[in-house]
Amino acid sequence: MTLLECRNIHKTYGHGVATVPAVRGVDMQLERGETLGLVGESGCGKTTLGRVIVGLNAPTSGKVVFDGEDVSGRLHEPEFRRRVQMVFQHPQSSLNPKFRVSTTLREPAILLTSMRNEELGQQIEQTLRLVGLGIEYQTRKPKQLSGGQLQRVAIARALMSSPDLIVLDEPTSSLDQSIRSRIIALLKDIQERRQVSYLFISHDLSTVRKIAHRVAVMYLGRIVEVSETEALFNDPQHPYTQALLSAVPSIDPDDRSERIILRGETPSPTALPVGCSFQDRCELVHARCRVEAPLLQETGPARHVECFAVQ
Amino acid sequence: MTGEGIADPGELPPARFVVDRVHVTEEKSRTRRALSFMRSNPLFSIGLGLLIAFVGMAIIGPFLVGDPLLTNPAGMFSPPSADHWFGTDEYGRDVFARSVNAARLDLSIGLAIALVAMTIGSTIGVVSGYFGGRTDEIIMRLTDILLAFPGFVLALIIVAALAESLLNVVMAVAAAYVPYFIRLTRAQALVEREKEYVDAARLAGNRPLRVAFRHVMPNSLGPALVSATLVTGWAVLTVAGLAFLSVGIQPPTAEWGVMVGEGAGDIITGEWWTSLFPGGMIVLAVMAFHFIGDDLTESRT
């Protein structure tokens, strides 16, 4: 059952001549209890898309439909707010430095749920245990916690209102490797217990492979390929996905697969070429790509690719 | 043939580790740590010493000295002596008793002004910095207008326009320092509002005003709190300056500015002590706050 649907979302920053299209027409669906990985290089618009979905930014055009209701840019819609939460990239700055952990956790529960007093206290303790922190952490301040602990608190805060969807914006990219895998294991465990959906935004493909059921690949504000995770990693179809995957270092010493080095630079989002935005860096480019932009089309079971050469 | 100076590696003496000096850090005693801190922060230490002296004077001083308003026609203009350390003035009042009593009044007023100015200024500054846009534009232009007047002149105008009372002096001088706190807090709020905890607060269900005052403001007060020390000193100077001009606090109140104003004429006739001692108090008090405030401001940046 579809929990979240994005319908032709555009988000443009700036006014007049100096506009930057960060997201250029994104369609996607997210199912209940599913994890959708959203990958792409820095600046491709994945964070902006995440912010539009949770309502921190309003889309320039298009709709965010959550559980059948249009919630585009409706940050303060109470039921939507309770059900959709977010975890940020930098745990050091995503917690109010003046607040103790208990205050940070209490706030969403007070403001978004009817929980009070004992019930609230129990919920805080239960959530802290769920994220693997003891109840003694309640009285700590952010300065007294490590990066991994801070991120656990941030996850706990997102869980306090019992949401159905959590947007995770690079939740592990500022953590070191050992803590990263523990946070991933924790997120999977929480998903199993709470049936929560994740939109997992990351540029780290190996992390996404561990947690996502499906993966969407973003390039310059558009989703160029969506597929089941294993299918995508075993058989990437879009030339950009192929290049992206070939850049992941392999731990197999016999792996001699060739690394695809992309030519040129990512075009500036303020001066996009006519036709396919990937044309100047693509191996498979032909005349049609220079005049017409391809659209996302089904190329196989649960798989959509935005490329003429593949379609 | 090898060139001169290039030695064959074989000729080098075998490498060995030479222990030149061994530093053993001893637990420094508390006194020694305090002394070394004072050596590296001399101005701060002087300021702190002076401040402690002034606060002590303000709290217990009035109980130890005589009545600052007690006149003695028989003993007017007596020079500093063992009985009257700072001498007596034209009414025979003890200048030392008056100076010590004035410390309580001047420091309280200075502190009150700094607190009032900081509370109002920071509140407006947070609104300006966090909400930005048109609100910020209007607040900043109004602040510019206020800043165009020198603080002293602005305070002078306001006190002159209001009825003369202690409360009005505090409000007038505070108003002169409000723009300063608006700017300081606004600048910090602009930094804070970009941090992720602010977005997280919005997602936790906080409405805009609650985000501004509950989340952004406590984290934006640092620079204002530090500068409040500086402003306390400046406020003491401003209040005394106004009193010297017979604006605000009036005679016979024991206040440094009033005393300097009353005693200024005595210098010509040789009674230098009636104005020099209260004047010196002003200098030392302003210096104390300035040294501390300056050091705190620097260590923040």
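The values are calculated or read from the model by the stated rules, or taken from the named source; none is laboratory data. Everything quoted here is computed from the prediction, not taken from an experiment. Every residue, glycine as well, gets a Cβ built from its backbone with ideal geometry; the counts of neighbours run over all protein chains shown.
When B:10, B:3, B:66 are checked against the criterion of being more than 23 Å from residue B:249 (Cβ to Cβ), at pLDDT below 80 and not in a helix (DSSP H, G or I), a single residue qualifies: B:3.
Scanning segment B:141-162 for residues that are touching a residue at least 40 places away in the same chain (Cβ under 8 Å) and surrounded by 15 or more Cβ atoms within 10 Å (Cβ to Cβ) returns B:143, B:151, B:152, B:155, B:156, B:159.
Tell me whether segment A:269-283 contains one or more residues that are buried (at least 16 other Cβ atoms within 10 Å of the Cβ) and of a type in the set (Val, Ile, Thr).
No, every residue in segment A:269-283 fails to be buried (at least 16 other Cβ atoms within 10 Å of the Cβ) and of a type in the set (Val, Ile, Thr).
Set side by side, the residues A:103, A:113 differ, and just one is closer than 30 Å to residue A:137 by Cα, within 14 Å of chain B (Cβ to nearest Cβ) and touching a helix residue (DSSP H, G or I) at 6+ places or on another chain (Cβ under 7 Å), which is A:113. Scanning segment B:233-251 for any residue that is more than 14 Å from chain A (Cβ to nearest Cβ), in contact with a Ser or Thr (Cβ under 6 Å, 6 or more places away or on another chain), surrounded by fewer than 22 Cβ atoms within 10 Å (Cβ to Cβ) and in a helix (DSSP H, G or I) turns up nothing.
If you scan segment A:77-88, which residues turn out to be at the interface with chain B (Cβ under 7 Å from one of its Cβ atoms) and either out of contact with any Ser or Thr (no Cβ under 7 Å at 6 or more places or on another chain) or of a type in the set (S, T, N, Q) (or both)?
Matches in segment A:77-88: A:81, A:85, A:86.
Listed by position, the strands (runs of 3 or more DSSP E) enclosed by segment A:10-115 that each have at least 2 residues that are charged (D, E, K, R) and crowded, with 16+ Cβ neighbours inside 10 Å are A:20-31. Tell me yes or no: at least one residue of segment B:209-219 is touching a Ser or Thr at 6+ places or on another chain (Cβ under 9 Å), within 14 Å of chain A (Cβ to nearest Cβ) and touching a residue at least 60 places away in the same chain (Cβ under 8 Å). Checked segment B:209-219: at least one residue is touching a Ser or Thr at 6+ places or on another chain (Cβ under 9 Å), within 14 Å of chain A (Cβ to nearest Cβ) and touching a residue at least 60 places away in the same chain (Cβ under 8 Å).
Scanning segment A:140-161 for residues that are charged (D, E, K, R) and away from chain B (no Cβ under 14 Å) yields A:140, A:152. Can you name the residue in segment A:227-240 that is touching a strand residue (DSSP E or B) at 6+ places or on another chain (Cβ under 6 Å) and surrounded by fewer than 24 Cβ atoms within 10 Å (Cβ to Cβ) and, of all such residues, is modelled with the lowest pLDDT? Per the stated criteria, the residue is A:237. A single entry from B:58, B:34 fulfils the requirement of being at pLDDT 90 or above and part of a helix (DSSP H, G or I): B:58.
Might you check whether a residue that is within 21 Å of residue B:197 (Cα to Cα), touching a residue at least 60 places away in the same chain (Cβ under 8 Å) and within 14 Å of chain B (Cβ to nearest Cβ) occurs anywhere in segment A:173-192? Looking through segment A:173-192, at least one residue is within 21 Å of residue B:197 (Cα to Cα), touching a residue at least 60 places away in the same chain (Cβ under 8 Å) and within 14 Å of chain B (Cβ to nearest Cβ). Would segment A:119-139 turn up any residue that is facing chain B (nearest Cβ under 10 Å) and part of a loop (DSSP other than H, G, I, E, B)? Taking every residue of segment A:119-139 in turn, none turns out to be facing chain B (nearest Cβ under 10 Å) and part of a loop (DSSP other than H, G, I, E, B). The numbered conditions (1) farther than 27 Å from residue A:232 by Cβ; (2) in contact (Cβ under 8 Å) with a residue 12 or more places away in the chain; (3) more than 16 Å from the chain's Cα centre (by Cα) are all true for residue A:79 except (2). Mind checking which residues of segment A:23-58 are among the small types (Gly, Ala, Ser) and within 14 Å of residue A:164 (Cα to Cα)? Within segment A:23-58, A:33 is the sole residue that qualifies. Residues considered: A:24, A:7, A:32. Of these, the only one that is among the basic types (Lys, Arg), out of contact with any Gly (no Cβ under 9 Å at 6 or more places or on another chain) and more than 13 Å from chain B (Cβ to nearest Cβ) is A:32. For segment B:275-296, state whether one or more residues are at pLDDT 90 or above, β-branched (Val, Ile, Thr) and touching a Gly at 6+ places or on another chain (Cβ under 7 Å). Yes.
Here's the yes/no breakdown for (1) touching a Ser or Thr at 6+ places or on another chain (Cβ under 6 Å); (2) farther than 21 Å from residue A:123 by Cα; (3) part of a loop (DSSP other than H, G, I, E, B):
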{"position": "A:153", "(1), (2), (3)": "no, no, no"}
{"position": "A:157", "(1), (2), (3)": "yes, no, no"}
{"position": "A:174", "(1), (2), (3)": "no, yes, yes"}
{"position": "A:179", "(1), (2), (3)": "no, yes, no"}
{"position": "A:182", "(1), (2), (3)": "no, yes, no"}
{"position": "A:185", "(1), (2), (3)": "no, yes, no"}
{"position": "A:190", "(1), (2), (3)": "no, no, no"}
